[in-house]
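Scroll down for the structure; my scribbles are underneath it.
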Amino acid sequence: MNAAEQYRQIIQSKLNSIERVSQHASSLDERLDITNLLLLELIKSVNGLNVSPTVLATIQQTGGSVSGIPVTLENPPFVVARKLVVDTASTGKNFPKTVVPFDFGVVIVAIDTNVNTVYIGNSKAESEDTSQSFPLSPGKGIEYRVHDISQLWICSASAGDGVYWTVEQWEAPSG
């Protein structure tokens, strides 16, 4: 699924939320307040911004509802989980091309049997430079919000060290 289709699904989901909320609000003022809030979140999504922490906190505190109305947050139906291993000591290795759905992240965890720390960078050169890359000790993890994980590289002083990574997907993974 391409980025445009992902945006269409997000927009449709938010429009459905606006319709559900508007149907259950008791007064015109309440409907307008809730609709304005949801429209602002829709605009933020279209512009590539995250939903505000205040709105997320409200949804979490109310058990998944706003003003008592259930809010459904859709998750992609598929998960990609892979292992990436450094072939040559101290030489960066690129993650494979994998698009990360809008407003999702890729989780990367260093294999707990690694001999050395694995470093993550935005380029081969960055991953090979410990002063410009992010260190992941064995068993430790991090999440990156990138459009495509091929933007990331790993490196380790030991061949055979590596990471596990996982990301949700809207379409069934290939291979």
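Values in this text are rule-based calculations from the coordinates and carry no lab data. A quick note: this is a predicted structure, and the numbers were derived from the prediction, not measured. Every residue, glycine as well, gets a Cβ built from its backbone with ideal geometry; the counts of neighbours run over all protein chains shown.
Descriptive notes on the structure:
- Any chance residue 146 is part of a loop (DSSP other than H, G, I, E, B), out of contact with any Pro (no Cβ under 6 Å at 6 or more places or on another chain), of a type in the set (A, V, I, L, M) and farther than 23 Å from residue 169 by Cβ: no
- Exactly one residue out of 111, 120 is in contact with a helix residue (DSSP H, G or I) (Cβ under 7 Å, 6 or more places away or on another chain) and aliphatic (A, V, I, L, M): that is 120.
- The residues of the range 76-98 that are under 10 Å from residue 168 (Cα atoms) and either in contact with a helix residue (DSSP H, G or I) (Cβ under 7 Å, 6 or more places away or on another chain) or outside any loop (DSSP other than H, G, I, E, B) (or both), listed by number, are 78, 79, 80, 81.
- Looking across the range 131-143 at every residue that is outside any strand (DSSP E or B) and touching a Ser or Thr at 6+ places or on another chain (Cβ under 6 Å), the one that is farthest from residue 104 (Cα to Cα) is identified as 137.
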